[in-house]
1. Any residue in the stretch 168-180 that is buried (at least 17 other Cβ atoms within 10 Å of the Cβ) and closer than 15 Å to GLY235 by Cβ?
2. Only residues that are among the polar types (S, T, N, Q) and part of a loop (DSSP other than H, G, I, E, B): list them for the stretch 162-174, please.
3. Could you check how many residues of the stretch 181-214 are crowded, with 23+ Cβ neighbours inside 10 Å, in contact (Cβ under 8 Å) with a residue 60 or more places away in the chain and under 13 Å from the mean Cα position of the chain (by Cα)?
4. When you look at LYS219, is it surrounded by fewer than 17 Cβ atoms within 10 Å (Cβ to Cβ), among the basic types (Lys, Arg) and assigned to a loop (DSSP other than H, G, I, E, B), yes or no?
5. Tell me, yes or no, whether the stretch 231-238 has at least one residue that is buried (at least 24 other Cβ atoms within 10 Å of the Cβ), among the hydroxyl-bearing types (Ser, Thr, Tyr) and not assigned by TED's automatic domain parsing to the domain that holds VAL110.
6. Here are the criteria: (1) modelled with pLDDT under 95; (2) in contact with a Phe, Trp or Tyr (Cβ under 6 Å, 6 or more places away or on another chain). Tell me which single one GLU179 does not satisfy.
7. Could you identify the single residue in ASN154, ASN159 that is surrounded by 18 or more Cβ atoms within 10 Å (Cβ to Cβ) and assigned to a helix (DSSP H, G or I)?
8. List the residue pairs whose Cβ atoms are under 6 Å apart, where the first residue sits in the stretch 109-138 and is over 13 Å from ALA163 (Cα atoms) and assigned by TED's automatic domain parsing to the domain that holds VAL87, the second is β-branched (Val, Ile, Thr) and surrounded by 20 or more Cβ atoms within 10 Å (Cβ to Cβ), and the two are 6 or more positions apart or on different chains.
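The values are calculated or read from the model by the stated rules, or taken from the named source; none is laboratory data. Quick caveat, the model's predicted, so the values are computed rather than measured. Cβ sites come from the backbone with ideal geometry, for glycine too, and all protein chains shown count toward neighbours.
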Amino acid sequence: MRDYARKARPSRPPLRARPAAWGAGLAAAVTMSIVATSPGAHGAERLAARLAAAVRTLPRGAPAVPPALLHGRFYNGTHAVGALFTVSGGHLGQHFCTASVVNSAVKDLVITAAHCLQGKQPGQVAFVPEYHRHQEPYGSWTVTRVFVDAAWANSANPNDDVAFLVVSQPGNSNRVQEETGGENLATGWRASQLVQVIGYPDSRERPITCTARTRAFGKRQMEFDCGGYTDGTSGGPFLANVHPATGQGAVMGVIGGYEQGGNTPSVSYSARFGRTIRDLYDKAVSKN
């Protein structure tokens with residue numbers, strides 16, 4: 001039975017092929033590097049330098065750095081992004097997905113992937129912003145309402161794998177956005193954008209971050225290539241125009257969609273945010 005609370009790992013791999021020019025160029029570059037040198041003769045550092053130089057000869061239009069060479073780094077997080085935890089008996093359990101505060105007039109909305117809430121009810125999940133190494137600088141916020149599109153509720157359409165959550169903190173009169181700030185919701189943007197993607201792997205107590213350019217995957221999905229995005233990173237935001245001081249930006253996607261966000265740590269997907277997501281956001285604001 002598939003676990004809908006994680007970035008899934010189905011047995012069927014994505015039907016995704018690299019552009020032929022990219023593959024041919026990379027193969028030639030790697031071949032030249034291996035023929036020219038070897039770790040035994042010149043050391044691993046020399047080999048790495050030759051490979052990096054060869055990669056720069058890839059055809060025009062190919063990625064400047066092959067996706068396999070990009071890998072996220074672990075850090076202590078940012079204010080408006082956090083982990084989703086299970087809740088039992090009023091106590092936090094394990095974190096299982098990622099979410100982020102989205103700016104709104106009601107100031108209590110969080111965005112994540114819809115598949116993260118599959119089989120879970122309000123009150124059974126909590127959002128912990130900027131969680132790292134068991135620290136909770138803003139405490140935990142209980143999920144009280146969940147908004148998903150009808151296309152997701154009826155058939156788990158991967159193009160609608162987005163959810164807005166209403167959160168609150170007992171004893172705190174402030175809203176979460178007033179505590180952490182939030183990300184601006186970005187809909188209708190081009191698929192190719194430079195973004196920072198943040199996620200909380202299940203096996204680690206800190207988030208991972210990576211900055212790279214997205215690209216279209218079909219008409220209604222985006223692809224992001226960077227290593228380290230394992231189970232638990234579902235719902236992690238695709239942030240464009242990130243402010244260097246606050247770490248906040250425009251959320252134009254969340255890890256999810258195709259294959260529930262991808263079946264390998266190096267390739268992640270998101271549904272593209274369009275009119276449907278904007279309408280869902282408006283519904284969450286108006287009925288909150």
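1. No - not one qualifying residue is present in the stretch 168-180.
2. Taking the stretch 162-174 and keeping what is among the polar types (S, T, N, Q), we get 168-169, 172-174.
Within the stretch 162-174, GLN169, ASN172, SER173, ASN174 meet the criteria.
3. Residues in the stretch 181-214 being crowded, with 23+ Cβ neighbours inside 10 Å, in contact (Cβ under 8 Å) with a residue 60 or more places away in the chain and under 13 Å from the mean Cα position of the chain (by Cα): 6 in total.
4. Values: surrounded by fewer than 17 Cβ atoms within 10 Å (Cβ to Cβ): yes; among the basic types (Lys, Arg): yes; assigned to a loop (DSSP other than H, G, I, E, B): yes.
The answer is yes for LYS219.
5. Kept after step one, since they are buried (at least 24 other Cβ atoms within 10 Å of the Cβ), are these residues of the stretch 231-238: 232-238.
Narrowing the set further to residues that are among the hydroxyl-bearing types (Ser, Thr, Tyr) leaves 233-234.
Now narrow it down to the ones that are not assigned by TED's automatic domain parsing to the domain that holds VAL110: 233-234.
Yes, the stretch 231-238 contains at least one residue that is buried (at least 24 other Cβ atoms within 10 Å of the Cβ), among the hydroxyl-bearing types (Ser, Thr, Tyr) and not assigned by TED's automatic domain parsing to the domain that holds VAL110.
6. Failed condition: (1).
7. Just a single option satisfies the conditions, and that option is ASN159.
8. VAL125/VAL143; PHE127/VAL110; PHE127/VAL167; PRO129/THR180; GLU136/VAL128; TYR138/THR180
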